[in-house]
1. Would you point out the residue of region B:120-145, among those that are within 11 Å of chain A (Cβ to nearest Cβ) and within 13 Å of the chain's Cα centre (by Cα), that is nearest to B:S330 (Cα to Cα)?
2. For region B:295-392, please list each of the strands (runs of 3 or more DSSP E) lying entirely inside it that holds at least 1 residues being within 24 Å of B:Y134 (Cβ to Cβ).
3. Can you find even one residue in region A:431-443 that is hydrophobic (A, V, I, L, M, F, W, C) and within 14 Å of chain B (Cβ to nearest Cβ)?
4. From the list A:E102, A:E33, A:E46, A:E76, which one is among the charged types (D, E, K, R) and modelled with pLDDT under 95?
5. Considering every residue within region A:1-10, establish whether at least one is modelled with pLDDT of 95 or more, over 30 Å from B:A406 (Cα atoms) and under 17 Å from the mean Cα position of the chain (by Cα).
6. For residues that are small (G, A, S) and surrounded by fewer than 16 Cβ atoms within 10 Å (Cβ to Cβ), scanning just region B:396-414, find the one that is nearest to the chain's Cα centre (by Cα).
7. Does A:A125 satisfy the condition of being surrounded by 16 or more Cβ atoms within 10 Å (Cβ to Cβ), of a type in the set (G, A, S) and either touching a residue at least 40 places away in the same chain (Cβ under 8 Å) or in a helix (DSSP H, G or I) (or both)?
8. Restricting attention to region B:386-398, report how many residues are touching a Leu at 6+ places or on another chain (Cβ under 7 Å) and of a type in the set (S, T, Y).
Protein chains: 2
Amino acid sequence: MIKPRTPPGVMELLPHDQIAFQRLLDTIRRNFERFGFLPVETPVMELSEVLLTKSGGETERQVYFVQSTGALNKTEGGSGEGMPELALRFDLTVPLARYVAEHEHELAFPFRRYQMQRVYRGERAQRGRFREFYQCDIDVIGKDALSIRFDAELPAVIHAVFSELNIGAFTIQLNNRKLMRGFFEALGIADGEQQALVLREVDKLDKRGEGHVRDTLVDEFGLADDVVARILEFVKVRSTSHADAIAKLDALGGGSEVLREGVQELREVLELVHALGVPESAYALNFSIARGLDYYTGTVYETTLNDYPQIGSICSGGRYENLASHYTKSKLPGVGISIGLTRLFWQLREAGLLDTAQSTVQVLVTQMDAAHLPHCLAVASELRHGGFNTEVVMEPSKLGKQFKYADRAGIRFVVVLGEDEIAKDTVTVKDLRREDQFEVARSELSKTLRVELAQAQALPQG
Amino acid sequence: MIKPRTPPGVMELLPHDQIAFQRLLDTIRRNFERFGFLPVETPVMELSEVLLTKSGGETERQVYFVQSTGALNKTEGGSGEGMPELALRFDLTVPLARYVAEHEHELAFPFRRYQMQRVYRGERAQRGRFREFYQCDIDVIGKDALSIRFDAELPAVIHAVFSELNIGAFTIQLNNRKLMRGFFEALGIADGEQQALVLREVDKLDKRGEGHVRDTLVDEFGLADDVVARILEFVKVRSTSHADAIAKLDALGGGSEVLREGVQELREVLELVHALGVPESAYALNFSIARGLDYYTGTVYETTLNDYPQIGSICSGGRYENLASHYTKSKLPGVGISIGLTRLFWQLREAGLLDTAQSTVQVLVTQMDAAHLPHCLAVASELRHGGFNTEVVMEPSKLGKQFKYADRAGIRFVVVLGEDEIAKDTVTVKDLRREDQFEVARSELSKTLRVELAQAQALPQG
């Protein structure tokens, strides 16, 4: 007998949690499609040499390699050397780069794609970290060039997704790498590497306190007191409204060309985000947002839940110069965002922000007498044709037990078909949510339930 | 520069094909849920010792093993011995067994689950065979026992799925292993192994012809002429209607207990399939259907497209005695079916049975002048709130080019916003499918498009 268990570091859900998870996936996908993004799926396995174009990074150390039994035997025999031929994707960006480069001449540019699949990282197992997790990504890829205007669409998508997910107020925080670069260069910190180190230090403001960060920047980085003061002032900039954001950009003044370019880009993005109907309360400037410094080159985004800042960014991304330089000479600039859904689900569940009580099953047709089963099945069939997810009790048991089952399973409507109902061609419906009960002609059943559902949706939530 | 390419044996789709594939997945899922099945997803990686409970089989030779960089280095250093710790699932049945055994005390039985995920087999690469492919499975698992009635639900699910997929007429073929066993035992072929060999031979009827099969059964299997004649007559049995199916079962007469049990089960299944509203034309007895002889013990199913018999079974399954004997002492009988969707998609596309022309994007909002962009974005925002998947042209270009793009992309509605329209607060809509054009008040846009779509759906297809 072998103990049934999953490997460490994966998240496997019981059906009710899986339903809640699927609801998140569906909502995200619906909104990605609403904004005109097209679906792409890539194989979980890529050729190692294609996947691992740079070597030695943190990511590469976490890669899972794949070998068929045949390949494995060869390796054990000593004839196989070096890296296995196949590896599991560790993100959706490298597969996107490979996909776009491979299918470049079959795609229409700007190419708008979404991809929602699992990725794999051999991280150290710990609470809330996963070795297998869903990423939900959208990217717009241009050929040669891509207008800054596309950078404005992504906050609108983020807003649509998280509004509908209904997990509380959130803020989409925007910044621009050019603006940051211009600011730092003006302070004499021209080296990208050093900017990165300074920003990493500044990132510890919340944890270590301003005094500690200030001392480090002066003592270890050798920055002048007034430079450090200006940095700390800069990274604390947050806007409180659309007008305030524009005013804060204007306040940065002229400066270098790269600074002016960053300001101009951010201004255009903000104006178009506004035009797209994203409410002012949902977005803000945040000059401390940097993201991956070696990758993003313009707009950067992070999104946080206002009441759960400790969760960190729930959706991040930005603008990059060139997607696929390892695979093609074509210049493919892009802008994208990513939601790490497995971790987000885990965090939302921990915070009690998920409804995991409702089943996908909407109606249970009970069975009072085995002889009635054909009748029960016919009624179930009508309900299914009417669009209702319907389960039939197939094995006879006490009616009370059947009700208890529906209640525990989160099934809202229970249909009872006794001798009486069958004779009159009616059904009795018990609504477990509203705790009432009614009898209705069998031919009116689906219509009546649709009305009940519509009423429930029209009622205020909570 | 590295050549961007996928490993051999995987199916990667361009967006339009991916949309068609996603439509299949959605339709299958919707129907699985319609019948009250609950979603389950399991990790792609299982512990090797959990996944590979039997050894030496064909399946095991095709397993992909997974190793993190760390584990790989250990192996190369010589300290690692034997099988890697992790492996990719090769079907959804073993993970289901592990899942049910692991979560036995948290699940309600009969447990009705669906699972639609990719599985991995290191098969020899050849046209139409895949190393990574989707399986879409449903199973009902009982604790200790599971009524035969559940076997009747699955044909109803199959019927709902393939009717909605709209890929032509199909027949769900039913048989019962007990009935077969009884028949063979009566002929003196009592050994299960030998029954299997005979059936495998009989399976070659279409390819090799009756004469060849008859000779083999007489010469190589040493069966008497009259026994062979009865076998060949038996396996040719097909019913032509519900009444005919019942009559053909009755015609089998008394026979042994196991034969009578098989007949009784099949009769009950047929009666309930009928009660579930599955049309008679969609199901039939087929006494040649056997499936995996070491696994299935009662009802067995295969489904074929009437006009494309060469595609083979598009959905198969059956009843099994005990799901998870390797993991638990509990007896868990079940019944299930599986659709191998990647191969099916490939076959349907080859046969020209798939519509891959329609985009998920329903509306393209064009841009005539860069100054109009905020207006275009606002209209797009209204369309999205109205439930339409909408793309906006973000980079100005000639209007003709924008129309051509919509046409090629399979986007049905194109919205034009010129000076005129903006002044009057109207929009001009061009319907590329119906090839007409109309002007409508901006406030009426979503409502009007909804009506257009509803009309299109009400029209006969083709």
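The values are calculated or read from the model by the stated rules, or taken from the named source; none is laboratory data. On a predicted model such as this, the values are computed, not experimentally measured, just so you know. Glycine gets a Cβ as well: all are built from the backbone with ideal geometry, and neighbour counts include every protein chain shown.
1. Among them, the one singled out is B:Y134.
2. Qualifying strands (runs of 3 or more DSSP E): B:296-305, B:316-320, B:334-340.
3. No, the conditions are met nowhere in region A:431-443.
4. Selected residue: A:E76, the only one of A:E102, A:E33, A:E46, A:E76 that is among the charged types (D, E, K, R) and modelled with pLDDT under 95.
5. no
6. In this case the residue turns out to be B:G400.
7. Against the criterion (surrounded by 16 or more Cβ atoms within 10 Å (Cβ to Cβ), of a type in the set (G, A, S) and either touching a residue at least 40 places away in the same chain (Cβ under 8 Å) or in a helix (DSSP H, G or I) (or both)), A:A125 does not qualify.
8. Within region B:386-398, residues that are touching a Leu at 6+ places or on another chain (Cβ under 7 Å) and of a type in the set (S, T, Y) number 1.
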